[in-house]
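The values are calculated or read from the model by the stated rules, or taken from the named source; none is laboratory data. Here the structure is a predicted model, which means the values were calculated and not measured. As a convention, Cβ positions derive from the backbone with ideal geometry for all residues, glycine included, and neighbour counts pool all protein chains shown.
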Amino acid sequence: MEAILSILEPVNTFLTEQFGALGPLLVIGVLGMFLVLLTLPILLKREKDPLDKLRQAAREDTAKGEKKGLRRGRNANADKLDKYSGFLAPQAEKE
């Protein structure tokens, strides 16, 4: 701990001599602003949305007059569940 203080003490005295009593605080503020400016491009970078490709394809298909339906058929899934309805339904009043 004493080794760290021996390094920071000359830095603190230099900052206090050059910038006054608020010198260390001024340096911390400048470092904070630098970090904010460093992260802004990362946060503002807009990434491509994977769904945009699907939306664009759907718009092109509707413009051409072709309409592709999504697989939303309830009947295919209902047949699969009918096979197992004996296992899924309660067998006794207790269940």
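Scanning segment 35-78 for residues that are of a type in the set (D, E, K, R), at pLDDT 70 or above and assigned to a helix (DSSP H, G or I) yields D52, K53, R55, R59, E60, D61, K64. Within the option set E9, E2, E17, being more than 37 Å from the chain's Cα centre (by Cα), surrounded by 10 or more Cβ atoms within 10 Å (Cβ to Cβ) and among the charged types (D, E, K, R) holds for one residue only, E9.
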